[in-house]
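The values are calculated or read from the model by the stated rules, or taken from the named source; none is laboratory data. The structure displayed is predicted, hence computed values, not measured ones. Every residue, glycine as well, gets a Cβ built from its backbone with ideal geometry; the counts of neighbours run over all protein chains shown. Surface accessibility is based on the protein's heavy atoms, side chains included, excluding ligands, DNA and RNA. Shrake-Rupley method; radii C 1.70, N 1.55, O 1.52, S 1.80 Å.
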Amino acid sequence: MDFLKTLGIQKKNFGASTGRRWLETTDVGESVITSPATGETIASVYKASKADYETVLQASVDAFEKWRRVPAPKRGEIVRQIGDKLREYKEPLGTLVSYEMGKSLQEGLGEVQEMIDICDFAVGQSRQLYGFTMHSERPSHRMYDQYHPLGIVGVITSFNFPVAVWAWNAMISAVCGNVNIWKPSHKVPLTAIACQHIIRDVLQKNDIPEGVFTLLIGDTATVGEPMVQDPRVNLISFTGSTRAGRHVAKVIAERMGRYILELGGNNAIILTENADLKLAVPAVVFGAVGTAGQRCTTTRRLIIHESIYDKVKSALLKAYGTLRIGNPLDAKNHVGPLIDKIAVDMYEEALEQVQKEGGKVLYGGKVLSGSGYGSGCYVMPTLVEAKNDYPIVQEETFAPILYLIKYRGSVDNAIELQNAVAQGLSSSIFTSDMREAETFLSHWGSDCGIANVNIGTSGAEIGGAFGGEKDTGGGRESGSDAWKVYMRRQTNTINYGTELPLAQGIKFDI
């Protein structure tokens, strides 16, 4: 395929890069990557070795000594050039995202646009790494705080956003003066290799040292776990399951390191009796079936006031009946495949379980087969009547299953249902009542990191800090002041007077 050639993807690819050169290890093992869209083999990747890991880490250590001395606006200029390169390669890279991961072509292109947008954001941020000046209680003293680079930042990304989440972290981290090691999901390594090819020209043109943007593709035991345990890696940004996130947090805490955790979501939309359904229904459908339900911000629970429940159910059944499921490279299709057959099994197991617990499947619930569905990874988006306290509803199933949950009484009851899960990422309410909206946004309202009014749970903008609470991990990345987590804070006091007043008025006769 032409887009693979454009991106430098060969039949066999190396899995480790220092940013400016590939490490040509071939004797550790090879991963064969197939497309969930067609079941066809795309290419293979040679896994990184322990020696490759050490080479990349040492290159990163050496690069940090140089990179942190580059003025932040100059670092921003490199990121600006990376953004321009991504603009140049947006179409082929977006196509590869769609083909390798399975999300629709529009979503694949949109993900690359997010990379471009975060580059633009980071360029501006490179001139705004602000500290604050405080008044000292001591005469002729000035006190202020400032921010310094941390060092090495490891970015471990998940399959569902194979390139955007890396950019959210790496571009902000880079303008802060850090160097960055990327370990992508073993399910979608080709998009990471393509990104490394794209940015290499920028690094070489500007004589950026090896080690500023590096890549390691390999097994958990060879690459992932060593990164988490390595005291040279100052910060780990981890996107993945809550189970794996707990392990990452424990290991890093033992060595007093830093981490950003972006873990599970069990996101709900509340539809009050005052909801505008013309706004709400499209948002619900997009939030539930976009990326085939494989977003951390996917809408998984729909909490509906009893007075409009039947009307909403009818509207959703009609909307789901119009969804086109098929090859994500066909722009006419709304829903592509799940990432692999393991995900299909989880989809089937969740539906079996919810019915055992008392739920009723209203629509979907089938794995698709036949012409166009040969990969075995296509499933029907599914609507299920359920109760919030069903054990399976309390879990996150990474598939297009939407649970319809009825509530009675005031919006407080709906908010209580929404918050009554372990996860706390994204949330939304649709209402035309100001009191309901403000209650939802109040201290006693939504307990999620993201709370929206009259828009859905997915589609977060890069300008806002992204992340959630509780089992979602508590991390924040991307916009707002999330840049501070990539830096170490330092308080400075300067005495420009001729005396040295001591704390608590202590004096020494010297």
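Please state which one of 174, 167 is more than 20 Å from residue 96 (Cβ to Cβ) and among the hydrophobic types (A, V, I, L, M, F, W, C).
174
Hey, does segment 148-161 have a residue that's more than 18 Å from the chain's Cα centre (by Cα), open to solvent by 20 Å² or more (accessible area, probe 1.4 Å) and polar (S, T, N, Q)?
no
I'm trying to understand the selection: among the residues of segment 37-72, which are farther than 17 Å from residue 182 by Cβ, more than 26 Å from the chain's Cα centre (by Cα) and part of a helix (DSSP H, G or I)?
Across segment 37-72, the qualifying residues are 50, 51, 62, 65, 66.
Being under 30 Å from residue 317 (Cβ atoms), of a type outside the set (Val, Ile, Thr) and outside any loop (DSSP other than H, G, I, E, B): is that true of residue 490 here?
The answer is no for residue 490.
Hey, can you tell me all the residues within segment 205-240 that are acidic (Asp, Glu) and over 15 Å from residue 52 (Cα atoms)?
Within segment 205-240, just 207 meets the criteria.
Go through segment 21-36 and give me each residue that's surrounded by fewer than 20 Cβ atoms within 10 Å (Cβ to Cβ) and over 24 Å from the mean Cα position of the chain (by Cα).
Across segment 21-36, the qualifying residues are 21, 22, 24, 25, 26, 27, 28, 29, 30, 32.
Output the residues belonging to segment 203-243 that are under 16 Å from residue 56 (Cβ atoms), open to solvent by less than 50 Å² (accessible area, probe 1.4 Å) and part of a helix (DSSP H, G or I).
203, 222, 223, 224, 225, 226, 227, 228, listed by residue number.
Can you work out which of the residues in segment 451-510 that are free of Cβ contacts under 8 Å to residues at least 60 places away in the same chain and under 14 Å from the mean Cα position of the chain (by Cα) is surrounded by the fewest Cβ atoms within 10 Å (Cβ to Cβ)?
Result: 461.
Out of 6, 18, 55, report the one residue that is open to solvent by 40 Å² or more (accessible area, probe 1.4 Å), out of contact with any Leu (no Cβ under 7 Å at 6 or more places or on another chain), hydroxyl-bearing (Ser, Thr, Tyr) and modelled with pLDDT of 95 or more.
6
Please note which helices (runs of 4 or more DSSP H) are completely contained in segment 262-365 and include at least 3 residues that are surrounded by 22 or more Cβ atoms within 10 Å (Cβ to Cβ).
Filter on segment 262-365 gives 277-289, 341-356.
Looking only at segment 475-487, which residues are among the polar types (S, T, N, Q) and either in a helix (DSSP H, G or I) or out of contact with any helix residue (DSSP H, G or I) (no Cβ under 6 Å at 6 or more places or on another chain) (or both)?
Of everything in segment 475-487, just one residue is among the polar types (S, T, N, Q) and either in a helix (DSSP H, G or I) or out of contact with any helix residue (DSSP H, G or I) (no Cβ under 6 Å at 6 or more places or on another chain) (or both), namely 480.
So is residue 254 without any contact (Cβ under 8 Å) to a residue 12 or more places away in the chain, of a type outside the set (A, V, I, L, M) and open to solvent by 10 Å² or more (accessible area, probe 1.4 Å) or not?
Criteria met by residue 254.
If you go through segment 257-284 one residue at a time, how many are free of Cβ contacts under 8 Å to residues at least 40 places away in the same chain and under 21 Å from the mean Cα position of the chain (by Cα)?
Residues that pass the stated criteria total 1.
Return the only residue of 396, 438 being open to solvent by 10 Å² or more (accessible area, probe 1.4 Å), modelled with pLDDT of 95 or more and touching a Gly at 6+ places or on another chain (Cβ under 6 Å).
Within the list 396, 438, the selection yields 396.
Any idea how many residues of segment 399-420 are open to solvent by less than 10 Å² (accessible area, probe 1.4 Å) and either assigned to a loop (DSSP other than H, G, I, E, B) or aliphatic (A, V, I, L, M) (or both)?
Qualifying residue count for the region: 8.
Residues to consider are 474, 479, 459, 464; find the one that is modelled with pLDDT under 95, over 22 Å from residue 414 (Cα atoms) and out of contact with any Pro (no Cβ under 6 Å at 6 or more places or on another chain).
Unique residue meeting the criteria: 459.
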